[in-house]
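Here's the structure, in structure tokens; my notes come after.
The values are calculated or read from the model by the stated rules, or taken from the named source; none is laboratory data. Remember, predicted model here, so these are calculated numbers, not experimental data. When we count neighbours, we look across all protein chains shown, and the Cβ atoms used for this are built from the backbone with ideal geometry, even at glycine. Surface areas here come from the heavy atoms of the whole protein model, side chains and all, with no ligands, DNA or RNA. Shrake-Rupley method; radii C 1.70, N 1.55, O 1.52, S 1.80 Å.
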Amino acid sequence: MNTCSRQSRKRSQTRERSFDGGGGEHVRRHSTTGIRAVALKWRYRSSVAGIQWPVLPSRRGAGLMAALQQLEDSQWWPEAKLREHQYDQLETLLAHAYRTVPHYRQAWRAFGGAPRPGTDAWLRLPLLTRHDLNDGWKNLISAAIPSSHGRAQVVRTSGSTGVRATTLTTDITRFFWDVFTLRDHAWHERDFSGKLSIVRHLTKDKAIYPNVMDVDGWGCAAGELVEMGPARLINILSPMRQIARWLAHENPDYLLIYPSALDELLRRSSEFDVSLPALREIRTLSEVVMPETRSASFAQWGAKVVDLYSTIEAGYIALQCPDHPHYHVQSEGVVAEILNEEGEPCKPGEIGRVVITSLHNYATPLVRYELGDMAVAGATCPCGRGLPVIERILGRYRNLLTLPNGERFYPEFTFSPYSGELPVEQMQVVQTGAKDIEVRIVLDRELTMSLR
């Protein structure tokens, strides 16, 4: 794949008339730098010794490419058509869940079985919570996991929210995780020959500076399909000064990092003497990305920030649009609802709770699973994709502010650590009562003036 310029490039728009396979004609509007165009630039890896051209991928690699080609088409479908295919898949999943999962047989008995998606009965279904996936997770395991879905594996979240969630995944759910990873690479036109540096959390004894870890294939399924450049990982538990020194030495083309760690590196880049002239893009995950972080990344390092929204237990939920900072729901893998306090779908611009249903997990079906996140519903994207839009991801419910009258809302906090106005390293705002808010700050020097 050709090296991407930091300068913005105009994407010529085309209108292509095609047939949807069911006899209906539809028109799609899309960029000429679609998945097919980008994928043609990838250098594929052959699985057969001595056969370099035409490349013969592994069976799994061929399956990944076949699924990716389908996603190239479906992303341009109108939202109504995407929803129709979602609901067809969802009805099959719901029937399986009601028939084989004890939790759903009990919870849906009052509905006479699995309700049809999109109906009033669907909106009245009790939500699945993290507590259900903690204390009662074994009651959510299917008694008849299809053998064609492959091996089942237990996965657990970190418990950072105070409650750990435990689920079973299968080879099929992991396959779809890899497909959406490839879509993210294709959408953002990444050059797989480049160097990737990764700053992630591992156990205390792994990849602590200076003993960094080499990662095959950028740590994703693309490695078995495409020839890739070097990738190295450092544990976030390493001191930040040493992480900065390592990054400066590596001078990567791409950086994968948590937003909070990125914030600290940007804020202290002068102190750490971090210069990354080769850096093209910063990928973030697991935490909320603030607009100030995106601006500071481009201003200081000339690199854009590309975020993704996923969870360990549910897989990919949304990917950042190639043309805008908002997110597209990955409708081929998940049904995402943003609900207001009354449990009704939010309109564009409204803030609500994120509730998801995974379409392909037949081991632990996650039906109307409340993630604990708040997000802003988005309007139709001008890029032409029919995939629904999440305008912004705001974070956890626990970040809500409660007014004395009981009304709750998500507050905007305008202080920026990049402003230089205060010697503040960290800040936390805690509501301790109906009318009381406590601000906790960590300073890098003593304050010399009072704050009024």
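Per residue, what accessible area does region 134-237 have, given a 1.4 Å probe and all protein chains present, in Å²?
Value for region 134-237: 46 Å² per residue.
In whole percent, how big is the carbon plus sulfur part of the accessible area of region 83-154, probe 1.4 Å, protein atoms only?
Roughly 46 percent of what the probe reaches on region 83-154 is carbon or sulfur.
Whose amide H sits under 5 Å from the amide H of residue 372, counting only residues 5 or more places off or on another chain, with H placed in the peptide plane?
354
Once amide H atoms are built 1.01 Å from N in the peptide plane, which residues 5 or more positions from residue 317, or in another chain, come under 5 Å H to H?
309, 310, 311
With every protein chain present, what accessible area does residue 47 have (1.4 Å probe, heavy atoms only), rounded to the nearest 10 Å²?
Its heavy atoms expose roughly 70 Å² to the probe.
First measure r as the distance between the Cβ atoms of residue 164 and residue 211, then evaluate 1/(1 + (r/R0)^6) with R0 = 45 Å and state the FRET efficiency to the nearest 0.05.
0.95
Quick check: with the 1.4 Å probe, what order do 294, 124 take by accessible area, largest first?
Largest accessible area first, the list is 124, 294.
Could you tell me the distance between the Cα centroids of region 171-227 and region 319-378, to the nearest Å?
So the separation of the two Cα centres works out to 25 Å.
Relative to the present Cα-Cα distance, how much length would full extension add between residue 312 and residue 43 at 0.36 nm per residue of separation?
93.9 nm
Quote the accessible area belonging to residue 297 in square angstrom, nearest 10, computed with a 1.4 Å probe and with ligands, DNA and RNA left uncounted.
Counting only protein heavy atoms, residue 297 exposes about 0 Å² to solvent.
Sort 381, 220 by accessible area with a 1.4 Å probe, largest first.
Solvent-accessible surface, decreasing: 220, 381.
Compute, for region 262-346, the length of the dipole vector about the Cα centre, with Cβ point charges of +1 (Lys, Arg) and -1 (Asp, Glu) only. Units Debye, rounded to 20.
Roughly 560 debye for region 262-346.
Per residue of region 189-194, in order, report the coupling 6.51 cos²θ - 1.76 cosθ + 1.60 (Karplus, θ = phi - 60°) as ³J(HN,Hα) in whole Hz, putting x for Gly and Pro.
6, 6, 8, 5, 7, x
Normalised by the residues of region 48-165, what does the relative contact order come to in percent, with Cα pairs under 8 Å and at least six apart?
Across region 48-165, relative contact order equals 20 percent.
Which value, in Å² rounded to 10, gives the accessible area of residue 85 with a 1.4 Å probe and all protein chains present?
90
Show 204, 195, 304 ordered by accessible area, largest first, where the area counts protein heavy atoms only and the probe is 1.4 Å.
Result, largest first: 204, 304, 195.
Could you tell me the calculated FRET efficiency between residue 58 and residue 85, based on Cβ-Cβ distance and R0 = 25 angstrom, to the nearest 0.05?
Efficiency at R0 = 25 Å is approximately 0.35.
Non-local amide H neighbours of residue 200 (under 5 Å, H modeled in plane, Pro and chain starts lacking H): which ones?
Here the answer is 234, 236, since their amide H atoms fall under 5 Å of that of residue 200.
For residue 251 paired with residue 73, estimate the spin-label separation in nm (one decimal), with each label point 7 Å from Cα along the Cα-to-Cβ line.
Going by the 7 Å Cα→Cβ label model, 4.6 nm.
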